[in-house]
């Protein structure tokens, strides 16, 4: 069976500009994520960053990606609309899209959701408890009943998203907020998973439980290779339908 | 416009057997709930309790009820299966059903859900914060962004329910749990709303915000008076459909 | 109770440019729709067309509209992006949005959905049967089990929409297609209903059953007046949360 | 990786009692289904029939089954409640459950759904066209845009089921009906897929496309091996939560 081609994309700014962040992620957040995924034989994992040509998101790269994992925070506005549109189109065409933490405000995700995707937030070293509320979902595979992150950035509802097709995780924060922290959507032929944790100031992406979530999500989000629908003006296959009026029998 | 006929049903045991509870709800939980609903001109509100003939749930009463609000805790097992089945059938036939707090384990709800409906719980005087995560829902009408209950019984996920059709509220508890505390389902021609708060030991049903939720829910749950579907063996209205095979055009 | 302010917006091109269409809708599709809605006392109904200043969609008009009903076909591209964005923003802020027939490709709907919203289509005078599959939904109020349109344009799946929050109608076409013809979404504080029928060449909007659907939909889509969530950087209300580690008890 | 243990269960009455049906399925419907699944190396496929001890559904067998595929029609009432309850419990505990055709009225499915699960039906040799409306779903893997069955029993809406978590297929019938013919639910830790085709009088289960659906469904329905939630009375992990009242800042 062909391996799932996963690409981890990162804006890679915090790690270059802040010594404190670089200490946590010396090779960048993308490499920490990729390292976890590489433990799985069924994945072929690459990374890309925003400073590469065409932001690391050229057409050829996207066409050879089955699942795109995205981390961004400071540079949402720097991604040109046409690049964001290219990512959106590729998702609609079947590519999986895993959107991490502050990437809920990245252009391709916002375009795919149709809503503003804002939320409450607070940097306060609070505790997060990610409750698995849909244990039958493939993304819950091998997880404990909850994942406790001793320190994370706090996000709070209301999270301005369309109702998820499937809500897998809900987070509790010690400061009083809740958050829909693991949410699935289908869009076109593609599958999208938003996963809340992963603030740059915490070593979240080294944790085994978080890595398990990302493995599960990448496997879930891979293209289903279903039919590519025909669209536009089509001919009828069935003609000469004759009505035998029996509406009385339906509505006596 | 005809008024919505709301019946508040209560097992009414705690209030009779415990002086402490009777101090909080001297006329019973059902009367505290009914009092709030009676502020609305569009409701015709009655109450019933388990000690009435046929448990207060005889066929005639159910047929003249548009929305049934249910509170039970100790006596789930005392309701005979046939009475529970009668309630279930009436819901499938269009009656709204609002299920409060510990009533998530009452027989009619469990039968309608198909799952076990258990959860975590703890009596610990914790704080509950009910976040309104779907502010566009009719049940969110007139509510603040969250409702804070200074003391309530704690419930925790996983709540063994089918995925709600609409998830309106998620609760945060100071002890570390989250809970899907306002959830909607359609079943047959009826609508069901589960609402978490309302432990007998707290004066929750006197609060204006909680009463607003119940008014909203009763209005939302009233029968839609849509079509009653025809079932079983039916004749075809359309005969002589002739195939013109054009599958090539669809799948070149 | 304040009336629901409904505005019926129409591009109004077919009716002006084609004598054949003008015979069917001499006052325009918008007036035929408005006429039906005006039978309801609870609506205050206005109309607007694309040839008005600011396309009939100026800020003031939108702010004074509770539910916008939209019909367009030829002129999707003529609506400037900023006007489409204004409509989208107003929906996210609470305005109901009812999208008719070929308007599934209008800019505000496509932006709100995030997908391409294309489908199969065919002008072939086929019969359409709209099955009400969710009879408990408010939009099914007062409808028969199905609505049969003797001649309509055919639309066919796959319809490139996000999974609806609620799927109320599914259409059967004599030529062999099915279509999700009545679909609900929440987006931000607003509610959206897509309704398939209403090709300009058929007198669909004079039918009592179709008018009943539009009345139901306008009532369902009116703003819920729920909370307007706080967003952005917020302070914590709860501090000094101390952990008592009992994870052993959870995972023995 | 451990193989998925699939058991195909069949009441096996038509095949034994009717020569005409036996000609179509000489080894029984269950063997025709099993034959298709055995083409997949990842499945370990067994069959069972109602005439076996404990109806072929003893506790040990169920505990060693990952996915149960069920076909029944005449004998729904012959399955004792306790056996139906055993199947339901095993599904809630994680076993996948694939329910075929007339099995929508079998006891375990009806108990798990909570509704009556009836529909319209007609034996009229009509054509069925199964449209894949959710091509991104794993059960759509490798399928064409639609599956056309030249002759099948007709089923029609309204199908009395809870709103599916995911609706993958919608069927068109030449006689004028539509049907939600491929529908997914999660219940407890288990996943359920209802698939409409497969009337005993047609050789439906020999078709490659139908077999592809069943392979996809069995793979999708296998247990996710997520967490098994703790239920009941639990202690709090977090104590001494102190309120700093800042509600003014939230609601100025």
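Bear in mind these aren't lab numbers, they're just calculated from the coordinates by the rules spelled out. Because the structure is predicted, anything quoted here is derived from the model rather than measured. Positions of Cβ are generated from backbone atoms using ideal geometry, with glycine treated the same way; all protein chains shown enter the neighbour counts.
Results, tabulated for the structure shown:
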item	result
Distances in nm from residue D:150 to the matching label points in the other copies, shortest first (labels 7 Å along Cα to Cβ)	3.5, 7.0, 7.7
Computed over the range D:94-166, Kirkwood Rh from alpha-carbon pairs, angstrom	14.2
Square roots of five times the Cα gyration tensor eigenvalues for the range A:52-99, Å	17, 12, 10
With Cα atoms, 0 to 90° folded angle of helix A:208-221 axis to chain A main axis	30
Sum of -39500 (n - 2.57) over DSSP H runs of 4+, divided by residues of the protein assembly as shown (222 nm, nearest 500)	-6500 deg cm²/dmol
Over the range A:90-176, relative contact order from alpha-carbon pairs under 8 Å, at least 6 apart, %	35
Kirkwood Rh (inverse of mean 1/r, distinct Cα pairs), the protein assembly as shown, angstrom	29.4
Pairwise centroid distance, computed over Cα atoms, of the range D:132-158 with the range D:185-212, Å	10
Per principal axis, descending, Cα span of the range B:119-246 in whole Å	69, 27, 27
Solution diffusion estimate, µm²/s, Stokes-Einstein, the range A:147-204, Kirkwood Rh from C-alpha pairs, 4 °C, viscosity 1.567 mPa s	104
On Cα atoms only, tilt of C:81-92 relative to the major axis of chain C in degrees	60
Label point 7 Å beyond Cα along the C-beta direction, distances from residue A:54 to other copies (nm, shortest first)	4.1, 6.1, 7.3
Overall dimensions of chain B as given by Cα atoms, namely Rg and Dmax in Å	20.8, 79
Over chain B, relative contact order from alpha-carbon pairs under 8 Å, at least 6 apart, %	20
Chain D residue with Cβ closest to the axis mapping D onto B, distance in whole Å	D:114, 2
log₁₀ of I(q)/I(0) at q = 0.10, 0.13 Å⁻¹ - the range C:60-196, Debye sum with one point per alpha carbon	-0.33, -0.56
Fraction of beta bridges assigned by DSSP in the protein assembly as shown that are antiparallel (%, nearest 5)	55
Whole-Å distance, taken between Cα centres, linking the range D:67-85 and the range B:3-70	39
Three principal axis lengths of the range A:9-119 [C-alpha, angstrom, descending]	36, 34, 28
Peptide-level mean, for B:152-161, of C-beta atoms on other protein chains within 10 Å	5
